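Throughout, read-outs are computed from the coordinates displayed, never taken from laboratory work. Everything numeric in this text was worked out from a predicted model, so none of it was measured. Reconstructed Cβ throughout: ideal geometry from the backbone, glycine too, with neighbour counts over all protein chains shown.
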Amino acid sequence: MKGRIKRQQALEAVPLWRAQDDVVCPLCERAIPPAQRDAHHLIPKSHGGVQTVWLHRICHRQIHALLTETELARQYQHVEALRQHAELAVFLRWVKTKPDDFFERTRKSRRLR
Ligand SMILES: [Zn+2]
Ligand SMILES: [Zn+2]
């Protein structure tokens with residue numbers, strides 16, 4: 001029984017943690033320097049979510065600039081769904097060209113202003 005559980009975990013394991021201090025952002029797949037780490041609730045706290053993932057501060061701000069908490073709770077509670085969001089995908093392609101510790105102020109989408 002124990003052996004089977006172990007094998008399953010091995011199959012499902014996603015290498016988000018390459019080493020103790022080398023956290024990788026599941027959105028843009030770049031390393032996150034400690035000063036740029038933000039915890040994102042996959043389901044917003046306001047909707048009862050508890051599970052968090054580490055993201056770059058700039059990637060995190062971008063999510064909340066594009067999507068409301070209700071949209072996050074209903075449609076975007078998986079990293080895969082976020083990565084497929086059209087505007088977020090454009091942002092990710094752009095941010096991948098920047099240094100790992102790059103940060104600048106994020107503008108809120110007109111729609112959410
Ligand atoms: Zn968040
Ligand atoms: Zn990122």
Within the under-13-Å Cβ sphere about LEU55, not counting LEU55, Lys/Arg +1 and Asp/Glu -1 give a net charge of +2
Expressed to one decimal in nm², the mean projection of the alpha carbon convex hull of the stretch 22-113 is 5.7 nm²
Stretched fully, the stretch from GLN84 through ARG111 gains (0.36 nm per residue minus C-alpha distance, one decimal, in nm) 7.8 nm
Both in Å, the radius of gyration and Dmax of the C-alpha trace of the stretch 66-110 are 11.8, 32
